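What follows is a short report on a single structure.
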Amino acid sequence: MKNYLFLSIATLLLAVSGCKPKNTGDAIDGDAASKVYVAPGKYDELYNFVSGGFSGQVSVYGIPSGRLLRVIPVFSVDPEKGWGYSEETKPMLNTSHGEIPWDDQHHLDLSQTNGETDGRWLFANANNTPRVARIDLKTFRTSEIIEIPNSAGNHSSPFITENTEYVVAGTRFSVPMDNDNGDVPISTYKQNFKGTISFISVAPKDGDMKIAFQLLLPGMNFDLSHSGKGPSSGWFFFSTYNSEQAHTLLEVNASKRDKDYILAVNWRKAEEYIKQGKGKKQVVKYAHNKYNESTHSATSIMENEVTVLDVKDFSDIVYMIPCPKSPHGVDVDPSGEYIVGSGKLAALIPVFSFAKIQKAIADKSFDGKYGGIPVLKYESALYGEVKKPGLGPLHTEFDGKGNAYTTFFISSEIVKWNIKDLKILDRHPTYYSPGHLSIPGGDTRKPYGKYLIAYNKITKDRYLPTGPELAQAAQLFDISGDKMKLLSDYPSIGEPHYAQAIPAEKLVKNSVKIFKLEDNKHPYVTMGEKNSKVVREGNKIHVYLTAMRSHFSPDNIEGVKMGDEVYFHVTNLEQDWDVPHGFAIKGAKNSELLVMPGETSTLKWIPEKVGIYPIYCTDFCSALHQEMQGYVRVSAKGSNVPISFSLGKNSDAPDSLLNK
Amino acid sequence: MKKLTIICSLALVLAACGGSNQDNASTSGASSTEAVPVNDSKPAYDPNRGEGKFHDVKLAAKLDGKMALNGEKIADLKCTSCHKLTDEKLVGPGWKGVTTRHKPEWIMNFITNTDAMIDKDPKAQAMLELCMVRMPNQNLSDQDARSLVEFMRKNDGLK
């Protein structure tokens, strides 16, 4: 009996190890270490921007070292930097639902000019409460967030056109439109639930975003997207699933049909119709938040209108291309001619030809309609199929040398194949189950190639165990040769989905080091220590506070009373790179402030008890950083302690007291 | 011999750079004809001038009142958090008498090329040992630096 048990365990073990990809031990090349080694003091070759998934933020890594350089707060509050806690940044997280402290950040796209990354901005989507953010790559700060109305689950976003004319936002969940009565039975999905795709225009100079128009589409799930380029510039491609229009147990009910669709959008055409005034204005409500670098403050306004084009009313804006089994990634090769669909449950990868799509449209080679939209014949649009590539294809990127690289979630590998002859050239296991992958510039007209990074969904045994929760694993591959070579693993923050990478030299030269004091237009700036003061306005107290190595001015404040609201407006007078000052006060319920050189930041504080409250600098700034402190006295309501403030005036008594 | 050649060419390069910077320093009042000696093979550190883009700052006998006022504004914004106008030390030394202790070139180099001078200049290093805070670079323009010197002169009683 015992023997039997032993035997079955052994068999089980064998079976398990058989399923699991081989250990990396033998997959690593001898010179891998030297390829990822960046000597102390040396810079990395590339910046890698990685979505944070449920962390809501964006992290920045150096490639090839995999060193974490920064976490940019975007959709989630970040007490470390005061993001969402300082008075200036709170409006950035405002929505039509009020202030929201968290979101689920999935995809990133770098701004492009002529189909190449230009290093100006990085766009990020919020999946849960639909929004799109623009991050300024001069400051690595979020400078604009726009909410998307008529949307739920902003997943196919924020992909951009090749001159950053538009950022798109396609809804994952179809829902009743915002200005329709939403109080309907869920079972009326087919009648009442609709999908939308928003085209957000980006002002060429300052990047200001505006919802230019929305396309109204049949109820289904919109998943991912990528813009056309070159010959297909002017078109956008969206993958869809749940063409079954299921509203329950999608796992089964949305996986019934043999094919779903890739939606091809002629956005130039849609743009024309909008210019002709053919869009319909709809009353909606959505927040539009902007950060102003000269006032160091954000504002949030509520927009109340959007222009909608119902695609049913136009015969030439959108077309459906059948694509096997719940497509996920839809990726366009650098030439703009080939569109790769990845059916999550398909055993092949269809590659569509833009030229054939155009011909099929011209020839009206249609196979009926879906929700009023012409469906192209699969064969008329198809260039060819990659046969038996692996299990569970998700996403594809390109190296610019005629090759495509696709991640396979179920078979846990990356497969390299040739775009022209669709032959498989190489396959390499990942550890484990990759979702997205990123080749620097891999979705642009000019991929940088050289590296590929896989963002794996499962970590298991890759790092020292840290309890049940593990950091997710990114894996860096060298793709400069015929065969992919695994170079290193590095842990990532939250759950990375899509990522982007860009040669460092495109950003380094523009990186801001300080904010110029002379340009500081904050309404509560303190221009020099001489102007520091405390002002009472009713029950509001404004403290004009300066920070300089290594003291605050003023650092002794009296006359605050219970019932007062105190605003500490901290101006950092430093003008040297990498000298932020922090600010904290005991009992503050928001967070610290981290104030950059030349910047003004405000912490609101409502004292809840009479007493003495210490303030101090939280960022080690000099040898006398521990001396950078002060006191605030809080008196009872109705007390007659007047407002007073000082710096450097010490009392006379203490020595004699100490000597007693 | 080879080594000497390299040092000499280095000196030349350095001198050439210094010369062109001096031209850019439009407010220094220096004329480019009085540039650095190019044949000096040993670029010794000049403790009176310090190190930086300013070589020969010509000061007028009388105060430029407008410039001094501008200097005072800059001082209030960027300097007086740490420096008193008296001879009393706050974070850094008081400014009283600074124009008699240092040549204008030294002051202007120190306040625009702060890190390099703290690492090299004997007087700056001695001061660091007293104050224990490295003076920050406050990102001053050439004009700012010149105006500050004028304000310091006013503070030292020049009319």
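The values are calculated or read from the model by the stated rules, or taken from the named source; none is laboratory data. These numbers were taken from a predicted model, which means no experiment stands behind them. Neighbour counts are summed over all protein chains in view; Cβ atoms, including those assigned to glycine, are modelled from backbone coordinates with ideal geometry.
For every residue, the table says whether it meets (1) at pLDDT 95 or above; (2) touching a helix residue (DSSP H, G or I) at 6+ places or on another chain (Cβ under 7 Å); (3) not in a strand (DSSP E or B).
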{"site": "A:His226", "(1), (2), (3)": "yes, no, no"}
{"site": "A:Pro231", "(1), (2), (3)": "yes, yes, yes"}
{"site": "A:Arg257", "(1), (2), (3)": "no, no, yes"}
{"site": "A:Val283", "(1), (2), (3)": "yes, no, no"}
{"site": "A:Met302", "(1), (2), (3)": "yes, no, no"}
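For the range A:247-258, the condition of being over 19 Å from A:Ile146 (Cβ atoms), among the hydroxyl-bearing types (Ser, Thr, Tyr) and buried (at least 22 other Cβ atoms within 10 Å of the Cβ) holds for none of the residues. The strands (runs of 3 or more DSSP E) located wholly in the range A:105-224 that include 1 or more residues which are among the hydrophobic types (A, V, I, L, M, F, W, C) occupy A:108-113, A:116-126, A:131-136, A:141-147, A:166-171, A:194-202, A:209-218. When residues of the range B:78-94 are filtered for being more than 10 Å from chain A (Cβ to nearest Cβ) and of a type in the set (S, T, N, Q), how many remain? Total meeting the criteria: 1.
Based on what the data block shows, is B:Ala75 among the small types (Gly, Ala, Ser) and either under 18 Å from B:Gly50 (Cα atoms) or away from chain A (no Cβ under 14 Å) (or both)? The answer is no for B:Ala75.
When the test is whether a residue is of a type in the set (D, E, K, R) and at pLDDT 95 or above, A:Lys460 does not pass it. Of the residues making up the range A:445-462, those that are assigned to a loop (DSSP other than H, G, I, E, B) and under 21 Å from A:Ser411 (Cα atoms) are A:Lys457, A:Ile458, A:Thr459, A:Lys460, A:Asp461, A:Arg462. Only residues that are within 13 Å of chain B (Cβ to nearest Cβ), more than 19 Å from A:Ser86 (Cα to Cα) and among the small types (Gly, Ala, Ser) were counted across the range A:594-631, and they come to 2.
Condition check: free of Cβ contacts under 8 Å to residues at least 60 places away in the same chain and either among the polar types (S, T, N, Q) or assigned to a loop (DSSP other than H, G, I, E, B) (or both). Does A:Pro607 satisfy that?
Yes.
Among the residues making up the range A:319-362, none is free of Cβ contacts under 8 Å to residues at least 24 places away in the same chain and assigned to a loop (DSSP other than H, G, I, E, B).
When you go through A:Val560, A:Val525, A:Val534, A:Val508 one by one, which is the residue that is touching a residue at least 40 places away in the same chain (Cβ under 8 Å) and within 14 Å of chain B (Cβ to nearest Cβ)?
Working: A:Val560 fails: within 14 Å of chain B (Cβ to nearest Cβ); A:Val534 fails: within 14 Å of chain B (Cβ to nearest Cβ); A:Val508 fails: within 14 Å of chain B (Cβ to nearest Cβ).
On inspection, the qualifying residue turns out to be A:Val525.
Can you pull out every residue in the range A:563-581 that is touching an Asp or Glu at 6+ places or on another chain (Cβ under 8 Å) and either surrounded by fewer than 23 Cβ atoms within 10 Å (Cβ to Cβ) or farther than 30 Å from A:Lys637 by Cα (or both)? Full working, then the answer.
Initial filter on the range A:563-581 (touching an Asp or Glu at 6+ places or on another chain (Cβ under 8 Å)): A:567, A:571-573, A:580-581.
Passing the criteria: A:Tyr567, A:Asn572, A:Leu573, A:Pro580, A:His581.
Looking at the range B:140-152 only, could you name the residues that are away from chain A (no Cβ under 12 Å) and either surrounded by 22 or more Cβ atoms within 10 Å (Cβ to Cβ) or not in a helix (DSSP H, G or I) (or both)? Listed by number, the residues that qualify are B:Ala145, B:Arg146, B:Ser147, B:Leu148, B:Val149, B:Glu150, B:Phe151, B:Met152. Being under 25 Å from A:Val512 (Cβ atoms), in the same structural domain as A:Ile373 (by TED's automatic domain parsing) and surrounded by fewer than 24 Cβ atoms within 10 Å (Cβ to Cβ) is a property that does not hold for A:Asp178. Name the single residue that is surrounded by the fewest Cβ atoms within 10 Å (Cβ to Cβ) among those in the range A:194-246 being within 20 Å of the chain's Cα centre (by Cα) and acidic (Asp, Glu). So the residue we want is A:Asp206.
For the range A:586-601, the set of residues classified as in contact (Cβ under 8 Å) with a residue 24 or more places away in the chain and assigned to a loop (DSSP other than H, G, I, E, B) consists of A:Lys586, A:Gly587, A:Asn590, A:Ser591, A:Glu592, A:Met596, A:Pro597, A:Gly598, A:Glu599, listed by residue number. Does any residue in the range A:105-124 that is in the same structural domain as A:Gly52 (by TED's automatic domain parsing) and more than 15 Å from A:Thr161 (Cβ to Cβ) come within less than 6 Å, Cβ to Cβ, of a residue that is among the basic types (Lys, Arg) and not in a strand (DSSP E or B) six or more places away or on a different chain, and which pairs are these? Close Cβ pairs satisfying both conditions: A:Gly119/A:Lys506.
Could you tell me which of the residues A:Ile100, A:Ile186 is surrounded by 19 or more Cβ atoms within 10 Å (Cβ to Cβ), modelled with pLDDT of 95 or more and among the hydrophobic types (A, V, I, L, M, F, W, C)?
Sole residue among the options that is surrounded by 19 or more Cβ atoms within 10 Å (Cβ to Cβ), modelled with pLDDT of 95 or more and among the hydrophobic types (A, V, I, L, M, F, W, C): A:Ile100.
Considering the range A:363-376, the residues that are touching a residue at least 24 places away in the same chain (Cβ under 8 Å) and part of a loop (DSSP other than H, G, I, E, B) include one that is surrounded by the most Cβ atoms within 10 Å (Cβ to Cβ), namely A:Gly371.
The set of residues in the range A:441-474 that are in contact with a strand residue (DSSP E or B) (Cβ under 8 Å, 6 or more places away or on another chain) and polar (S, T, N, Q) comprises A:Thr444, A:Asn456, A:Thr459, A:Gln472.
Show me the helices (runs of 4 or more DSSP H) entirely contained within the range B:99-139 in which 2 or more residues are under 21 Å from A:Ser550 (Cα atoms) and within 9 Å of another protein chain (Cβ to nearest Cβ).
On the way: elements: B:104-112, B:114-120, B:122-131.
Hits in the range B:99-139: B:114-120.
This table checks each residue for (1) over 28 Å from the mean Cα position of the chain (by Cα); (2) surrounded by fewer than 22 Cβ atoms within 10 Å (Cβ to Cβ); (3) at pLDDT 95 or above.
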position	(1), (2), (3)
A:Lys533	yes, yes, yes
A:Glu537	yes, yes, yes
A:Val543	yes, no, yes
A:Asn556	yes, yes, yes
A:Leu593	no, no, yes
A:Ser601	no, no, yes
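A:Leu647 passes every criterion in (1) modelled with pLDDT of 95 or more; (2) within 14 Å of chain B (Cβ to nearest Cβ); (3) touching a Ser or Thr at 6+ places or on another chain (Cβ under 6 Å) apart from (1).
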